[in-house]
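Notes follow once the structure below has been shown.
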Amino acid sequence: MKICVTGDSILMAPFPESYKGFEAVKAHIGQADVRINNLEMVISQGDKFASTYCGGIWLTGKPERLDDVCSYGFNCFGFANNHTMDFSYGGMENTLRELEKRKKPVCGAGMSLEAATAPAMVEAAGEKVAVLCISATCDDAARAGDAQGNMPARPGLNMLRHSETFLVNEAHMKALEEIAAATHINGRINNSKAGGYTQTKPGIFSLGSVDFKLSDVEGKSSAPHPGDMERMKKAIEEASKEASYVVVCFHSHEIKGDDDEEPDFFIEEFARSCIDWGASAVVGSGTHQIKAIELYKGKPIFYSIANFIFQVDKMTMVPRDYYEKFRVDPSKTIDEAEYIRSNGGTRGLETQFKNYKGLMPLLEFESGKLKSVKIRPVELNFRSEKACKGLPQLADAEVTEDIFGTLCRLSAPYGTRLTLSEGVIGVNIP
């Protein structure tokens with residue numbers, strides 16, 4: 001069984017005639033029996049109202065763009081990320097409907113939490129592969145919910161909630177308490193606690209919505225939500241009964257400290273737990289940069305394979321909220337508004353080459369065991385003409401060497417050993 005997983009796809013414009021990387025990328029993906037992509041945009045004609053929140057900006061592309069993404073040969077999609085609910089329930093439901101029209105199994109979002117949690121099943125090579133998708137990064141209002149009594153279920157995405165606690169010494173704790181007393185920032189929440197509407201957290205001092213704990217060693221800790229962990233445990237165990245292999249895809253922008261290259265503590269716990277529960281592989285995306293690879297109990301964890309298609313600077317439809325958020329005159333065109341937001345194209349994700357490098361891992365399993373991991377680096381035409389920028393091509397030798405060096409550096413703390421041969425990065429499997 002061969003499984004290929006690719007990163008986030010945000011496609012706003014048609015492929016230009018000058019785009020030359022398509023066939024080689026498609027050929028690599030085509031080696032796999034199961035071919036997975038994470039769709040990070042809503043599919044609509046611009047006729048779905050926007051949520052008051054978004055994943056940073058509001059992303060929607062026409063159905064023709066979904067056809068373009070599908071043309072790489074994908075036979076499974078994940079749809080749990082911080083943009084899933086950019087255009088509320090209508091946008092999410094329309095995206096699921098468009099994928100269903102194309103007979104593409106999808107996971108990560110649905111008309112209930114049960115549906116959003118359920119795996120997408122792909123039958124290939126005489127076996128079944130279950131794919132589950134979850135996002136740690138999204139507004140809580142985007143979270144799906146199940147029915148209760150006469151109350152119907154809530155549409156949304158499969159969310160991995162988590163807690164963050166910041167560890168401070170006595171002097172800093174005293175300063176926080178003084179700030180709270182001087183500003184009355186906790187006035188309303190303290191009244192809510194007194195009324196029993198908000199639960200007190202033992203050993204925690206909250207400054208507004210941020211939690212602090214006294215510690216000799218300062219820093220940060222994070223933990224996944226116990227209820228979401230139990231739900232995913234059950235989902236993986238149930239999927240394992242029906243499928244020969246289970247792949248868990250996650251989306252996360254959370255980090256340990258100041259560096260986007262480091263996955264957060266709760267993500268490490270979640271990913272390893274998925275393997276403990278029976279997953280064959282765990283593959284992440286989210287912050288747009290490549291992160292470490294870990295072999296845990298002989299199973300691969302990719303903390304981020306980054307982007308597959310990245311056209312955030314080619315939006316064709318945005319809501320009025322976009323102009324308000326970035327303080328731009330709504331009479332401006334989208335291109336003019338984006339030029340203002342990006343300070344003349346000098347700031348933003350689209351200005352950094354690291355956000356235009358990604359991985360296409362090809363995982364081969366045999367008799368339930370991991371046989372090989374072959375990774376083809378991609379470069380999303382960052383240095384090409386604007387029409388092709390954001391579209392994937394196989395990385396050249398120079399960029400491949402750069403990606404290999406980055407992966408080796410980031411993966412070394414996890415004990416992962418990598419090789420590079422003829423443009424393909426391999427993972428040493430003990």
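Values in this text are rule-based calculations from the coordinates and carry no lab data. The model shown is predicted, which means the values in this text are computed figures rather than measured ones. Positions of Cβ are backbone-derived with ideal geometry, glycine not excepted, and every protein chain shown enters the neighbour counts.
Near SER342: Cβ cut-off under 15 Å, other residues only, Lys/Arg at +1 and Asp/Glu at -1. The net charge is +3. Return the percentage of antiparallel bridges among DSSP beta bridges fully within the chain, rounded to the nearest 5 %. So the antiparallel bridges in the chain amount to around 55 percent. Sparsely packed loop sites in the stretch 321-383 (the trypsin sites (Lys or Arg not before Pro) outside DSSP H, G, I, E and B with at most 11 other Cβ atoms within 10 Å) comprise ARG327, ARG347, ARG383.
Under a straight-distance cross-link criterion of Cα-Cα below 13 Å, which aspartates and glutamates are reachable from LYS371, leaving out those fewer than 8 residues away in the same chain? List returned: none.
Computed over neighbours whose Cβ is under 15 Å from that of ALA124, the net charge equals -1, Lys and Arg +1, Asp and Glu -1.
Greater than 24 Å separation of Cα atoms is the criterion. Which listed pairs, LYS354/LYS389; LYS103/LYS233; LYS213/LYS354; LYS332/LYS386; LYS297/LYS374, meet it? Table pairs above 24 Å Cα-Cα are LYS103/LYS233; LYS213/LYS354.
Packing order of peptides 193-199, 157-163, 402-408, 227-233, highest average first: 157-163, 402-408, 227-233, 193-199 (average count of other Cβ atoms within 10 Å over each peptide's residues).
Across all Cα atoms of the chain, the radius of gyration (one decimal) and Dmax (whole number) stand at 22.0, 67 Å. The distance separating the Cα centre of the stretch 253-287 from that of the stretch 56-103 comes to 24 Å. Since only TYR197, ALA171, LEU214 are under comparison, the one whose Cα sits farthest along the positive direction of the charge dipole of the stretch 170-214, derived from C-beta charges on Lys, Arg, Asp and Glu, is TYR197.
Considering only GLY110, GLY348, GLY203, the mean-square fluctuation computed in a Gaussian network model of the chain, springs between alpha carbons under 10 angstrom, is largest for GLY203. Rounded to the nearest 20 debye, the dipole size of the chain about its Cα centre is 560 debye, using +1 on the Cβ of Lys and Arg and -1 on the Cβ of Asp and Glu.
When the square roots of the Cα gyration tensor eigenvalues are ordered a ≥ b ≥ c, the ratio a/c for the stretch 170-214 is 1.5 or more and a/b does not exceed b/c, which makes its shape oblate.
Loop-located GluC sites (Glu not before Pro) in the stretch 6-113 (DSSP state not H, G, I, E or B) with no more than 15 neighbouring Cβ atoms inside 10 Å: GLU17. If you sort the three axes of the alpha carbon gyration tensor as a ≥ b ≥ c, you get a/c of 1.5 or more for the stretch 366-413 and a/b no higher than b/c, which makes it oblate. If you build a Gaussian network model of the chain, linking Cα atoms that sit under 10 Å apart, which residue out of SER44, SER304, SER222 swings the most? Maximum fluctuation in the GNM of the chain, among the listed residues, is at SER222. Which of rounded, prolate or oblate describes the stretch 1-152 when judged by the alpha-carbon gyration tensor and an a/c cut-off of 1.5? Since a/c reaches 1.5 but b/c is at least a/b, the shape of the stretch 1-152 is classed as oblate. Taking every DSSP helix (H) stretch of at least 4 residues in the chain, weighting each as -39,500 (n - 2.57) and dividing the sum by the residue count yields a mean residue ellipticity at 222 nm of -8000 deg cm²/dmol.
Taking a straight Cα-Cα cut-off under 16 Å and skipping sequence neighbours fewer than 8 places away in the same chain, the aspartates and glutamates within cross-link reach of LYS357 are ASP8, ASP260, GLU261, GLU379, ASP396, GLU398, GLU401, ASP402. Largest GNM mean-square fluctuation among TYR414, TYR53, TYR72, using the chain with Cα springs under 10 Å: TYR414. Only aspartates and glutamates eight or more places from LYS2 in sequence, or on another chain, were considered; those with a Cα closer than 14 Å are ASP33, GLU123, GLU127, GLU364, GLU366.
Quick one: net charge of ASN81's neighbours, Cβ under 11 Å, K/R +1, D/E -1? Residues near ASN81 contribute -3 overall.
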